[in-house]
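Before any comments, here is the structure.
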Amino acid sequence: MLKIIINHKKYKDRTILENINISIDCPGIYGVIGKNGQGKTTLFKCMLSLESFNGNCFINEEKVVLKNAGWVPTEPPIYGELTAEEFYDFYAHLLDVKIKNNNRIFEVPNNQLIREFSTGMKKKTYLNAVFQKEFPIYILDEPFNGLDLESNYLLMNHIRTLSQKSIVLISSHILEILYKDCDKIFLLKNKSIFKFEKEKYSKIEKELFLL
């Protein structure tokens, strides 16, 4: 269903990722972890062809692009001069999203300018926009950052629902969340990737912090 091959990704003379090969055959929640600077965000951007790299990435035999992937970066780009409702419409038009329904998982003031929102409210607005459409894959880079306790609860419940039909990739520094819900966890370290099944999660922290 999802095939990621990154032979190498370089910034000038520095190799960030090398010999990355990931295959995911079933819908579910899959974690991506690693220390800062190990390439988590770079991996996601390569998958979406937002960065040039040597390799390819396919979902259901189609190249992964923004139109067939729900992408939520750590700091989502959002237009402060729009209201939340205007941003939902803009996002739908930009990615040719046919809105399934108007149900939102987060409540935000629809007619207030986004520039007046807090960081958390801006993230909720962006998440609401992305979740207007069902995608075969969702790529969520630190989605819990900036959200309060209740919002994290609502988001995780929605992710569980999405994962029944879609592949959901999540990067997070909150390992406990990933341990509880992820079907597999991928660790990025020293340009390479390591896969852990649920029964091996107890070994992740040792590998993560081992020099």
| message | Looking at the structure I just gave you, is Ile5 at pLDDT 95 or above, in contact with a Leu (Cβ under 7 Å, 6 or more places away or on another chain), open to solvent by less than 50 Å² (accessible area, probe 1.4 Å) and of a type in the set (A, V, I, L, M, F, W, C)? | response | no
| Right, Lys98: open to solvent by 60 Å² or more (accessible area, probe 1.4 Å), within 23 Å of Ile167 (Cβ to Cβ) and in a loop (DSSP other than H, G, I, E, B) or not? | yes
| note | Restricting attention to region 26-48, the residues that are loosely packed, with under 15 Cβ neighbours inside 10 Å and at pLDDT below 95 number exactly 3
| task | Within region 75-95, identify whether any single residue is in contact with a Cys (Cβ under 9 Å, 6 or more places away or on another chain), modelled with pLDDT of 90 or more and open to solvent by less than 60 Å² (accessible area, probe 1.4 Å), and answer yes or no. | result | no
| query | Out of region 110-132, which residues are in contact with a strand residue (DSSP E or B) (Cβ under 8 Å, 6 or more places away or on another chain), in a loop (DSSP other than H, G, I, E, B) and over 22 Å from Leu66 (Cα atoms)? | reply | Asn110, Asn111, Gln112
| Cβ pairs under 9 Å, 6+ apart, first in region 155-172 and modelled with pLDDT under 95, second open to solvent by 20 Å² or more (accessible area, probe 1.4 Å) | Ser172/Asn145
| field | region 178-198, subset open to solvent by less than 40 Å² (accessible area, probe 1.4 Å) and not in a strand (DSSP E or B), residue nearest to Lys3 (Cα to Cα) | value | Cys182
| request: Give Ile99, Ile137 a once-over and let me know the one that is modelled with pLDDT under 95, closer than 25 Å to Lys67 by Cα and either β-branched (Val, Ile, Thr) or in contact with a His (Cβ under 7 Å, 6 or more places away or on another chain) (or both). | output: Ile99
| message | Among the listed residues Val108, Val72, identify the single one that is surrounded by 15 or more Cβ atoms within 10 Å (Cβ to Cβ), of a type in the set (Val, Ile, Thr) and under 23 Å from Ile170 (Cα atoms). | response | Val72
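The values are calculated or read from the model by the stated rules, or taken from the named source; none is laboratory data. These figures come from a predicted structure and were not determined experimentally. As a convention, Cβ positions derive from the backbone with ideal geometry for all residues, glycine included, and neighbour counts pool all protein chains shown. Areas reflect the complete protein model, heavy atoms only, side chains present, ligands, DNA and RNA absent. Shrake-Rupley method; radii C 1.70, N 1.55, O 1.52, S 1.80 Å.
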